[in-house]
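Presented below is the structure to which this report refers.
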Amino acid sequence: MAITFEHVDFTYQAGTPMANPALTDISFSAPDNCFLALIGHTGSGKSTLIQQINALLKPTAGKITIDDFTITPKTTNADLKPLRRHVGMVFQFPESQLFAETVRQDIAFGPQNFGMSETDALALADQMLETVGLKAEYADRSPFELSGGQMRRVAIAGVLAMQPQVLILDEPTAGLDPQGRQEMMSLFGRLHREQGLSIILVTHQMEDVAQYAEQVAVMRQGRLVKYGSTREIFSDPQWLFENQLEEPIAAQFAQGLSRRGMTWASLPLTAEELADQLASRWPKGGQADV
Amino acid sequence: MDNIIEVKQLTYSYSDHERPALSDISFTVRPGEWLAIVGHNGSGKSTLAKCLDGLLPFTEGTITVGGTELTEDTVWTVREQIGMIFQNPDNQFVGATVEDDVAFGLENRQVPRDKMIPRVRAALEEVGMGDFAQRQPSSLSGGQKQRVALAGIVAITPDILILDEATSMLDPQGRTAMLKLVRQLRENQHLTVISITHDINEAAGADRVLVIDDGKLVEEASPEEIFSKGDQLIALGLDIPFIAKLKAALKARGIVPPTDYQTTAEMEDWLWRSLSNT
C-alpha cells in the first residue's frame with residue numbers, strides 16, 4: 001500500500017491551553033512494498049507520526065492517503081475500520097497487551113473481532129505461530145509463562161493474524177538480547193521480501209536501518225527534515241553528525257580507510273558491503289590496486 | 001578491605017520451576033571494581049542481581065556484602081550498601097516530581113529535612129539534572145529518568161551500584177551519556193559497579209566479565225578475552241563486535257584475516273598494509 005502525507009499537522013490537545021504541536025507540515029510519499037525506517041531523537045515525533053497511519057491520531061490539518069483510503073481532520077471513526085484491518089500496528093513492548101488464557105486464543109482474538117469464525121481464527125493462529133518462529137507446542141500455553149522475547153513474538157503473531165498489508169513497528173527489538181534482536185529483524189525482512197508487506201520501522205538502531213531499510217525518513221522537532229533512499233541518507237556524514245545521528249559502524253570504519261586515501265565505489269553501510277569492496281581489490285598473490 | 005562481595009555456591013529456584021534459576025554460583029568482587037555480568041535473556045543474570053540485594057530469598061549458598069553475611073536479619077544492613085537501577089525507567093519512579101523521587105530514599109532513612117534538601121540538590125547536580133528538580137517524571141525522556149534514578153542512588157551514598165540492563169531501553173545518545181555518568185560517579189564516589197548487560201560497549205568498559213548461561217557461571221575473563229570469541233558471542237547474549245563480523249565476511253570471500261583479537265585501529269592498519277603497495 002502506497003502511503004502519502006500531504007502537509008500534515010498534528011497538535012495534541014488542540015484548541016486548549018495545553019495545545020502542544022507534535023507534527024508540522026509533514027509531506028512524503030512511500031511506495032507500495034516499502035521498507036521505511038523512521039529515525040530521529042526521542043521526542044522528535046516518530047511515534048506520533050506512525051499513529052496517523054492507522055488513524056489512532058487524526059491530523060489537525062492536511063491529508064493522508066493510503067491506497068484508496070483518505071484520512072483528513074474530518075474523517076469519522078466509522079470510516080476507518082477497513083483501513084485498520086490493513087494497517088497492523090506493533091507498539092513498543094507489545095507483550096504488555098497480551099491477555100488471553102492461551103497463546104492460540106490471544107493470536108485469534110483480532111481476526112475474530114473483525115468477523116472471522118472461531119475455527120478459522122484458531123487455525124490461522126497456529127499458522128501465525130509458525131510464521132514468527134515459535135513451536136506448535138506453545139499454542140496451548142499461557143502467554144504469561146513465556147520469556148520476554150517469546151511473548152513479543154506472540155504479540156506480533158496477533159498483529160500478523162489480521163493479515164495486514166502495512167506493518168508498523170515501533171522499536172520492535174527494544175529490550176531484547178542481541179540474538180533475539182537479530183531473529184526479530186530477520187523475521188520482518190522475510191515478511192517484507194516473501195509476502196510483500198510494506199514495513200514502517202521506528203528505530204534507533206542504525207545497523208538495522210543499513211541492513212534492512214530501503215527508504216529513510218529523519219524527524220526532528222516534529223518536522224520531516226530528510227527523506228530519501230537509505231544510501232542517500234547515509235552518504236552525507238557531515239549532515240548526520242550535525243544532526244547527532246550515528247552512522248552505521250561499517251561506514252565509520254570505511255571512512256577511517258578513506259582518511260588514509262582509500263576510495264569507495266559507494267560508501268559501504270554493512271560489513272558485507274565493506275567486505276565485497278575490499279575483496280574486489282584484494283591482491284591476487286601480489287599487490288592491491290588501491 | 002578484602003572483597004566487597006563474596007558469593008559462595010549460590011543456588012536459587014523459583015518455586016514453580018524444576019530447574020534452578022541459579023546453580024552453584026561462586027565469585028568475588030573487589031572494592032572499586034567494575035564487573036560486567038553477561039548472558040542471554042533468561043540466563044539468570046537478573047535473578048543473581050536480585051539475590052545480591054536480598055530481593056529474592058535464596059536457600060543455598062552464602063552472599064557476603066561488605067563483610068556482612070546476607071540473612072533475613074541483616075538484609076537492611078546489606079541494602080544500605082547497594083543502589084540498584086533497573087531496565088525500565090518508568091517502573092522505578094515513585095515521586096510526583098524529580099526532587100521528591102530523589103528524596104524518597106532519604107525519607108526512608110529518616111534523614112532530617114534540613115539535611116535532605118541540600119543532599120537532593122547536590123545529587124541532582126551530580127547527574128546533571130539540577131534544572132529539572134520541580135519537573136514531573138512524565139515530562140522526562142528515558143535517559144533523563146535514568147539519571148534521576150542515579151541521583152536517588154547518589155543521595156544515599158551506597159558503596160555498590162548494580163545496573164540491571166539499565167541502558168537497554170535508552171537511545172544511543174542516552175546510553176553513551178549514562179555510561180559516561182556512571183564512570184564519573186564511580187570515580188567521584190568510589191563506587192563498585194556491577195553491570196548486567198547485553199551491550200558490548202558497556203561490557204568493554206568493565207574490568208572483568210562474568211558469563212552466565214542456564215543459571216551457571218560458565219566463564220570469567222577480561223573483556224578482551226571475551227571479545228576474541230567472535231561469533232560465539234551471540235550465544236553468550238552479547239552482540240558480535242563489528243571487527244569480528246568483518247573478519248567473517250572477509251573469510252567468506254577467501255581473504256584470511258589475523259585470528260587474534262584486534263582493535264578497530266589494528267584492523268584498519270592490517271587492511272591498509274595488505275592493500276597498499278608498500
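Out of the range A:91-113, which residues are at pLDDT below 95 and closer than 23 Å to residue A:200 by Cα?
Once the filter is applied, which keeps residues that are at pLDDT below 95 and closer than 23 Å to residue A:200 by Cα, the range A:91-113 yields A:91, A:92, A:93, A:94, A:95, A:96, A:97, A:98, A:110, A:111.
Name the one entry in B:238, B:271 that is over 21 Å from the mean Cα position of the chain (by Cα) and within 7 Å of chain A (Cβ to nearest Cβ).
B:271
Matching residues to (1) over 21 Å from the mean Cα position of the chain (by Cα); (2) surrounded by fewer than 16 Cβ atoms within 10 Å (Cβ to Cβ):
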site	(1), (2)
B:82	no, no
B:91	no, yes
B:105	no, no
B:111	yes, no
B:127	no, no
B:135	yes, yes
B:138	yes, yes
B:141	no, no
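I'd like to verify a number: residues in the range B:249-265 that are loosely packed, with under 15 Cβ neighbours inside 10 Å, facing chain A (nearest Cβ under 10 Å) and of a type in the set (A, V, I, L, M), how many? Spell out how you get there, then give the answer.
Of the range B:249-265, the ones loosely packed, with under 15 Cβ neighbours inside 10 Å are B:251-254, B:256, B:258-260, B:263, B:265.
Imposing the further condition that a residue be facing chain A (nearest Cβ under 10 Å) reduces the set to B:251-254, B:265.
Keeping just the survivors that are of a type in the set (A, V, I, L, M) gives B:252, B:265.
Matching residues across the range B:249-265 total 2.
For the range A:1-27, give me each residue that is outside any loop (DSSP other than H, G, I, E, B) and at positive phi. Before you say what the answer is, go through the steps one by one.
We begin by selecting, within the range A:1-27, every residue outside any loop (DSSP other than H, G, I, E, B); these are A:3-12, A:20-27.
Matches in the range A:1-27: A:7, A:25.
So residue A:177 clears everything in (1) in contact with a helix residue (DSSP H, G or I) (Cβ under 7 Å, 6 or more places away or on another chain); (2) crowded, with 20+ Cβ neighbours inside 10 Å except one condition, right? Which one?
Among (1) in contact with a helix residue (DSSP H, G or I) (Cβ under 7 Å, 6 or more places away or on another chain); (2) crowded, with 20+ Cβ neighbours inside 10 Å, residue A:177 violates only (1).
Identify, please: which residue in the range B:224-233 is buried (at least 18 other Cβ atoms within 10 Å of the Cβ) and not in a loop (DSSP other than H, G, I, E, B) and is, among those, nearest to the other protein chains (Cβ to nearest Cβ)? Steps first, please.
Of all residues in the range B:224-233, those buried (at least 18 other Cβ atoms within 10 Å of the Cβ) come to B:226-227, B:229, B:233.
After this cut, where a residue has to be not in a loop (DSSP other than H, G, I, E, B) as well, the list is B:226-227, B:233.
On the way: B:226: 14, B:227: 13, B:233: 8 Å.
It comes out as B:233.
Considering the range A:239-280 alone, what residues qualify as being surrounded by fewer than 18 Cβ atoms within 10 Å (Cβ to Cβ) and at pLDDT below 90?
Result: A:241, A:242, A:243, A:244.
Does the range B:122-142 contain at least one residue that is out of contact with any Lys or Arg (no Cβ under 8 Å at 6 or more places or on another chain) and within 20 Å of residue B:46 (Cα to Cα)?
Of the range B:122-142, the ones out of contact with any Lys or Arg (no Cβ under 8 Å at 6 or more places or on another chain) are B:122-126, B:131-132, B:134-136, B:138-142.
If we keep only those that are within 20 Å of residue B:46 (Cα to Cα) too, we end up with none.
Taking every residue of the range B:122-142 in turn, none turns out to be out of contact with any Lys or Arg (no Cβ under 8 Å at 6 or more places or on another chain) and within 20 Å of residue B:46 (Cα to Cα).
Taking the range A:176-208 as the search range and keeping residues that are more than 14 Å from chain B (Cβ to nearest Cβ) and assigned to a strand (DSSP E or B), which one is nearest to residue A:241 (Cα to Cα)?
So in the range A:176-208, the residues more than 14 Å from chain B (Cβ to nearest Cβ) come out as A:187-201.
From the residues that got through so far, the ones that are assigned to a strand (DSSP E or B) too are A:198-201.
On the way: A:198: 29, A:199: 27, A:200: 24, A:201: 22 Å.
Residue satisfying both the conditions and the ranking: A:201.
Let's see how each residue does on (1) under 30 Å from residue A:243 (Cα atoms); (2) touching a Ser or Thr at 6+ places or on another chain (Cβ under 9 Å):
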residue: B:128; (1), (2): yes, no
residue: B:136; (1), (2): yes, yes
residue: B:142; (1), (2): yes, yes
residue: B:152; (1), (2): no, no
residue: B:177; (1), (2): yes, no
residue: B:192; (1), (2): no, no
residue: B:198; (1), (2): yes, yes
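Take the range A:241-269 and flag every residue that is assigned to a loop (DSSP other than H, G, I, E, B), within 10 Å of chain B (Cβ to nearest Cβ) and more than 18 Å from residue A:211 (Cβ to Cβ).
Listed by number, the residues that qualify are A:244, A:260, A:261, A:262.
Answer yes or no as to whether residue B:175 is free of Cβ contacts under 8 Å to residues at least 40 places away in the same chain and among the charged types (D, E, K, R). So that I can check it myself, show each step before the final result.
Working: free of Cβ contacts under 8 Å to residues at least 40 places away in the same chain: yes; among the charged types (D, E, K, R): yes.
For residue B:175, the condition - free of Cβ contacts under 8 Å to residues at least 40 places away in the same chain and among the charged types (D, E, K, R) - is met.
Within the range A:76-99, can you find the residues that are within 18 Å of residue A:2 (Cβ to Cβ) and free of Cβ contacts under 8 Å to residues at least 24 places away in the same chain?
Within the range A:76-99, A:82 is the sole residue that qualifies.
Looking at the range A:78-150, what helices (runs of 4 or more DSSP H) fall wholly within it and have at least 1 residues that are touching a Leu at 6+ places or on another chain (Cβ under 6 Å) and within 30 Å of residue B:214 (Cα to Cα)? First the steps, then the outcome.
Details: elements: A:81-86, A:103-113, A:118-131.
Where helices (runs of 4 or more DSSP H) fall fully within the range A:78-150 and carry at least 1 residues being touching a Leu at 6+ places or on another chain (Cβ under 6 Å) and within 30 Å of residue B:214 (Cα to Cα), they are A:103-113, A:118-131.
Looking at residue A:167, is it away from chain B (no Cβ under 14 Å), surrounded by 20 or more Cβ atoms within 10 Å (Cβ to Cβ) and without any contact (Cβ under 8 Å) to a residue 60 or more places away in the chain? Write out each step before concluding.
Working: away from chain B (no Cβ under 14 Å): yes; surrounded by 20 or more Cβ atoms within 10 Å (Cβ to Cβ): yes; without any contact (Cβ under 8 Å) to a residue 60 or more places away in the chain: no.
So residue A:167 fails the test.
Determine which single condition residue A:173 fails, assuming it passes every other condition in (1) hydroxyl-bearing (Ser, Thr, Tyr); (2) farther than 21 Å from residue A:249 by Cβ; (3) not in a helix (DSSP H, G or I).
For residue A:173, the exception is condition (2).
Identify, please: which residue in the range A:15-52 is surrounded by fewer than 20 Cβ atoms within 10 Å (Cβ to Cβ) and either outside the structural domain of residue A:221 (by TED's automatic domain parsing) or of a type in the set (D, E, K, R) (or both) and is, among those, farthest from residue A:188 (Cα to Cα)?
For the range A:15-52, the residue satisfying everything is A:25.
Here is a yes/no grid of residues against (1) of a type in the set (D, E, K, R); (2) not in a strand (DSSP E or B):
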residue: B:9; (1), (2): no, no
residue: B:14; (1), (2): no, yes
residue: B:19; (1), (2): yes, yes
residue: B:27; (1), (2): no, no
residue: B:41; (1), (2): no, yes
residue: B:79; (1), (2): yes, yes
residue: B:99; (1), (2): yes, yes
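Return yes or no: is residue A:159 at pLDDT 95 or above, within 14 Å of chain B (Cβ to nearest Cβ) and in a helix (DSSP H, G or I)? Give the steps one after another, and end with the answer.
Details: at pLDDT 95 or above: yes; within 14 Å of chain B (Cβ to nearest Cβ): no; in a helix (DSSP H, G or I): yes.
So residue A:159 does not fit the description; no.
The values are calculated or read from the model by the stated rules, or taken from the named source; none is laboratory data. Not measured: the values here are computed from a predicted model. Ideal geometry is used to build each Cβ from the backbone, glycine not excepted, and the neighbour counts take in all protein chains shown.
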